[in-house]
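Presented below is the structure to which this report refers.
The values are calculated or read from the model by the stated rules, or taken from the named source; none is laboratory data. Nothing here was measured: the structure is a model prediction, and the numbers come from that model. A quick note on method: Cβ atoms are made from the backbone with ideal geometry, for glycine too, and the neighbour counts reach across all protein chains shown.
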């Protein structure tokens, strides 16, 4: 406990407030991207439709399921430690990490296929024809958004790993599990970002 | 002050003095000093660029540098002054130092995050300034597309990365302040018992947290556009150059209030202390800060009245811009009400504060000139605008910074600064500032465009006047470096409350211990509860 | 040192009046603020032992009073400024049209009669003049301080600006949107002339061709006439393409079900980015001319297509 706090609970509440504020910042960050995305979508509806048709709906959907499950597993871990079961928490952490890694691997496969299909904005962009320009802009957003999201995932996996390590050290108990809660909040947020991106990337053309 | 001062033997300054203890400190007071050193460096870097520009403008054809060099200079001046001085200046130095003390807390809510924010700031700052030196950038601090993305050879991406990184330091500071103000107020300190400095820093932090990420995303897209030429902002590929301006000003107009709101906070503290009188209209000043923070998000379009947006948007943004100036006017009136029937002393902080009041009022009133649509068409993008925002940013914000710096100097260092020198500097700054920037209002009205490395000869006299003023201003800004530096070693020891002020920060020793307060104070009275001398004499 | 700026157009006096109004209001407020600071500083200095009496009870009335006063004054200024702004940018229909192209770092001007000038603009007095402006590269801004008017000049768009010059003379023309290295050199002069002088100037500088005639030549040279019908005869080849007769100023149904109004921007976009707006029941076969036709030529082509507005659609 830092000396500016009067109790552990006081510190825990402050940490949660801090994370909420950080997430407010994140919402504006991704919000700006989504705003520009939607704006450009209105400017080039045909290009965006064309591009969405080439997005990998199958991998995208599997990944959505994977990510939702990972949020579930982490929350299960949080509930476990609140009941005082650190072992369960560690298991939940590794399940979460596993799912996160699966997400990233699938994402990697998807990127690999995209690049292989020539879906890289620039001179050699494979979707030619009149709507090529709009489709390229779509793919800029696609890469910016998914890379940023993946970065958040990597940071998240690091945080969950740290939670598992601290749980193993016996830091958490029924009485005190603030970091678990804070990381859980972050992980759920990364999930929510994906749930915003998913329809923009994969479903807009349907 | 003939009171014998029992010098505190132990303070946050004496605790441990290895390099590591400073560079890895989590003490908000030490981090404030780290920030202070950085900010001073950036201020003089930006100042040197400004001085070179003013020298160049002594002659119509440009006295010393080429057009290209001039463009790089004003870009460097803008980027450094905006992002590495004005935006962070008061919050990260004075704010960092004073927020926990005012709250009656031992530190900010997240001390490690505070340290991280300094490292982010330095990384971003050094990266950006290195790029500005090494490659140069000539787009102006506004990075308008498509100039920045397709037509400049300057290091747009590198500078953008620097700003991007340091943006996260702003966010970290904002999160830290908001949580601290919510969670760490001393027992008994309700919201309306907080000093107004905290209200204004709270409003500032809200903008930090909500506006900076939009800039971050804008810079990412700008970088992509610059490197890959994808067409988000490029009309040749069906993009929209104005989209960039909307996104940019969505951050950068609130950023103007990031710069000035903390100055408002300093004003409320200094004016009450040196009038020995309670603040006039506490709630109005407090809520006007919040109102400014909120409305500031809806006025960005007033930078684009002649840019090609629709008439409807211009009319809406003009109305909103008038609205956002109402809370500022309320503040000025309330500060005047604070002086009324006070016991006014003219120590240096008060001189700076009165300077602020005058200069900010001029800056605010000229803001109405450019908010009024018909007038803006003529004045925008001329020196009138340059003069206007320098009255706010330099006349206002830098004066407030100096007011606060002198006011809290005894608390920060435990030493008193040389009063006569400080007063002389305050007068000199006021005079030099007006001589530098007042002629620019006239230049602007006459039509001289901003960002011109050369100009028609009829503008020379006013430009020479302005340059002459800037010489005085430069000397005046250097003076505090010397006399404050001198006081660090040779200044008289300060008692814990040299100004007979009321805030909690004055109830602990100068300089404070690392934990600020040996016992957490309990607040039992409203802020600025200055006793009336009449009551004192009556009681005696 | 001159501290006055020539007021040379119909609206410049109005802008000056607004500025004077703002200035008077500011001086009144400054007199109040500085006056009170001085008065209080002297009367209430700490050394002055004069009895201050009880602090007046701070009432909400004072706060509401000055807030409302501020609001009223601000609103009046807003209305004044907005009204002027709308008139500053609403060109009358009979305005003389002149075309301006900005590029790093010069202004190119073309008159309807084909007269061309660089970094100079000759206009008649007493007649509304409308500038139709675009940029070849970055954003510029066409500013004439003596007329109190300016507007950004964007690539890929036609922005407009108009004025009615009153006083003959030569005035500064500035680019006021930072546009790169030689931004400060992107200046020129605006010469306002008596109408007779202007007419003489036009004949003396007569271009080889009017814009319309030059546009007609380009229409053939770029191969437009191979597909599009333009004029009573000529044009229209094997490929089925929309006729351009009577196009300008009329609504155009598009393939995606929407309708656009055929203005300068539409024609420009249809030449450069034909695929974006396909006319209903036509195939998207037209190649893009982006990068192949300069802004000067586009202006001529558009002038030509505009001249076909009177032709009945065939």
Being at positive phi and either out of contact with any helix residue (DSSP H, G or I) (no Cβ under 7 Å at 6 or more places or on another chain) or within 14 Å of chain C (Cβ to nearest Cβ) (or both), is that true of even one residue in the range B:29-45?
no
Out of everything in the range C:89-110 that is touching a helix residue (DSSP H, G or I) at 6+ places or on another chain (Cβ under 7 Å) and part of a strand (DSSP E or B), what residue ends up being modelled with the lowest pLDDT?
C:110
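For the range B:211-248, give me the residue count where each residue is within 14 Å of chain C (Cβ to nearest Cβ) and either touching a residue at least 40 places away in the same chain (Cβ under 8 Å) or in contact with a strand residue (DSSP E or B) (Cβ under 9 Å, 6 or more places away or on another chain) (or both).
Residues flagged as within 14 Å of chain C (Cβ to nearest Cβ) and either touching a residue at least 40 places away in the same chain (Cβ under 8 Å) or in contact with a strand residue (DSSP E or B) (Cβ under 9 Å, 6 or more places away or on another chain) (or both) within the range B:211-248 amount to 13.
Yes/no matrix, rows are residues, columns are (1) surrounded by fewer than 19 Cβ atoms within 10 Å (Cβ to Cβ); (2) free of Cβ contacts under 8 Å to residues at least 12 places away in the same chain; (3) within 14 Å of chain C (Cβ to nearest Cβ); (4) under 13 Å from the mean Cα position of the chain (by Cα):
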{"position": "A:131", "(1), (2), (3), (4)": "no, no, yes, no"}
{"position": "A:174", "(1), (2), (3), (4)": "yes, no, no, no"}
{"position": "A:180", "(1), (2), (3), (4)": "no, no, no, no"}
{"position": "A:187", "(1), (2), (3), (4)": "no, no, no, yes"}
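Would you check if residue C:296 is closer than 30 Å to residue C:106 by Cβ, touching a helix residue (DSSP H, G or I) at 6+ places or on another chain (Cβ under 7 Å) and in a helix (DSSP H, G or I)? It would help to see each step written out before you state the result.
Details: closer than 30 Å to residue C:106 by Cβ: yes; touching a helix residue (DSSP H, G or I) at 6+ places or on another chain (Cβ under 7 Å): no; in a helix (DSSP H, G or I): yes.
For residue C:296, the condition - closer than 30 Å to residue C:106 by Cβ, touching a helix residue (DSSP H, G or I) at 6+ places or on another chain (Cβ under 7 Å) and in a helix (DSSP H, G or I) - is not met.
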Tell me the residue from C:5, C:22, C:27 that is modelled with pLDDT of 95 or more and in contact with a helix residue (DSSP H, G or I) (Cβ under 6 Å, 6 or more places away or on another chain), please.
C:22
Can you name every residue in the range A:78-94 that is under 11 Å from residue A:164 (Cα atoms) and either surrounded by fewer than 20 Cβ atoms within 10 Å (Cβ to Cβ) or touching a residue at least 60 places away in the same chain (Cβ under 8 Å) (or both)?
A:86, A:87, A:88, A:89, A:90, A:91, A:93, A:94
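What do you reckon, is residue B:342 within 8 Å of another protein chain (Cβ to nearest Cβ) and within 23 Å of residue C:69 (Cβ to Cβ)? Break it down into steps so the answer makes sense when it comes.
On the way: within 8 Å of another protein chain (Cβ to nearest Cβ): yes; within 23 Å of residue C:69 (Cβ to Cβ): no.
The answer is no for residue B:342.
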For residues in the range A:1-53 being surrounded by 18 or more Cβ atoms within 10 Å (Cβ to Cβ) and in a loop (DSSP other than H, G, I, E, B), which is farthest from the other protein chains (Cβ to nearest Cβ)?
A:5
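Criterion first (closer than 22 Å to residue B:321 by Cβ, away from chain C (no Cβ under 14 Å), surrounded by fewer than 24 Cβ atoms within 10 Å (Cβ to Cβ) and in contact with a helix residue (DSSP H, G or I) (Cβ under 7 Å, 6 or more places away or on another chain)) does residue B:253 satisfy it?
Details: closer than 22 Å to residue B:321 by Cβ: yes; away from chain C (no Cβ under 14 Å): yes; surrounded by fewer than 24 Cβ atoms within 10 Å (Cβ to Cβ): yes; in contact with a helix residue (DSSP H, G or I) (Cβ under 7 Å, 6 or more places away or on another chain): yes.
Taking the combined requirement at face value, the residue satisfies it.
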Against the definition (under 24 Å from residue B:334 (Cβ atoms), in a helix (DSSP H, G or I), at pLDDT 95 or above and within 7 Å of another protein chain (Cβ to nearest Cβ)), how does residue C:71 come out, yes or no?
no
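Residues to consider are B:510, B:487, B:494; find the one that is crowded, with 18+ Cβ neighbours inside 10 Å, touching a strand residue (DSSP E or B) at 6+ places or on another chain (Cβ under 7 Å) and closer than 24 Å to residue B:272 by Cα. Reasoning before the result, please.
On the way: B:510 fails: touching a strand residue (DSSP E or B) at 6+ places or on another chain (Cβ under 7 Å); B:487 fails: closer than 24 Å to residue B:272 by Cα.
Only one candidate qualifies: B:494.
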Exactly one condition in (1) surrounded by fewer than 24 Cβ atoms within 10 Å (Cβ to Cβ); (2) assigned to a helix (DSSP H, G or I) is false for residue B:244; which is it?
(1)
Please identify the pairs in which a residue from the range B:77-95 that is over 11 Å from residue B:204 (Cα atoms) has its Cβ atom under 6 Å from the Cβ atom of a residue that is assigned to a loop (DSSP other than H, G, I, E, B), counting only partners at least 6 apart or on another chain.
B:78/B:141; B:79/B:141; B:82/B:141
Might you check whether a residue that is part of a loop (DSSP other than H, G, I, E, B), in contact with a helix residue (DSSP H, G or I) (Cβ under 6 Å, 6 or more places away or on another chain), more than 7 Å from chain B (Cβ to nearest Cβ) and closer than 30 Å to residue B:140 by Cβ occurs anywhere in the range C:151-164?
yes
Do we find a residue being more than 8 Å from chain B (Cβ to nearest Cβ), under 17 Å from residue C:143 (Cα atoms) and either part of a loop (DSSP other than H, G, I, E, B) or in contact (Cβ under 8 Å) with a residue 12 or more places away in the chain (or both) anywhere in the range C:54-62?
no
Answer from B:317, B:369, B:298, B:305 - the residue that is free of Cβ contacts under 8 Å to residues at least 60 places away in the same chain, crowded, with 24+ Cβ neighbours inside 10 Å and over 27 Å from residue B:501 (Cβ atoms):
B:369
Hey, residue C:137 touching a strand residue (DSSP E or B) at 6+ places or on another chain (Cβ under 8 Å), closer than 21 Å to residue B:236 by Cβ and in a strand (DSSP E or B) or not:
no
Considering only residues that are in contact with a helix residue (DSSP H, G or I) (Cβ under 6 Å, 6 or more places away or on another chain), within 14 Å of another protein chain (Cβ to nearest Cβ) and assigned to a helix (DSSP H, G or I), which ones fall in the range B:118-152?
B:120, B:148, B:149
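Tell me, yes or no, whether the range C:30-50 has at least one residue that is within 24 Å of the chain's Cα centre (by Cα) and not in a strand (DSSP E or B). So that I can check it myself, show each step before the final result.
Let us first name the residues in the range C:30-50 that are within 24 Å of the chain's Cα centre (by Cα), namely none.
No: zero hits.
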Condition met for residue C:86 (without any contact (Cβ under 8 Å) to a residue 60 or more places away in the chain and either under 26 Å from residue C:205 (Cα atoms) or part of a loop (DSSP other than H, G, I, E, B) (or both)):
no
Check the range B:226-236 and report whether any residue there is part of a helix (DSSP H, G or I), touching a helix residue (DSSP H, G or I) at 6+ places or on another chain (Cβ under 8 Å) and surrounded by 24 or more Cβ atoms within 10 Å (Cβ to Cβ).
no
Among the residues of the range C:174-198, count how many are more than 22 Å from the chain's Cα centre (by Cα) and free of Cβ contacts under 8 Å to residues at least 24 places away in the same chain.
1
Taking the range B:103-117 and the residues there that are part of a loop (DSSP other than H, G, I, E, B) and in contact with a helix residue (DSSP H, G or I) (Cβ under 6 Å, 6 or more places away or on another chain), the one that is surrounded by the fewest Cβ atoms within 10 Å (Cβ to Cβ) would be B:110
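For residue C:290, indicate whether it is modelled with pLDDT under 80 and either assigned to a loop (DSSP other than H, G, I, E, B) or surrounded by 14 or more Cβ atoms within 10 Å (Cβ to Cβ) (or both). So that I can check it myself, show each step before the final result.
Values: modelled with pLDDT under 80: yes; either assigned to a loop (DSSP other than H, G, I, E, B) or surrounded by 14 or more Cβ atoms within 10 Å (Cβ to Cβ) (or both): yes.
In short, yes.
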Test: residue B:171 is over 30 Å from residue B:504 (Cα atoms), under 23 Å from the mean Cα position of the chain (by Cα) and buried (at least 20 other Cβ atoms within 10 Å of the Cβ)
no
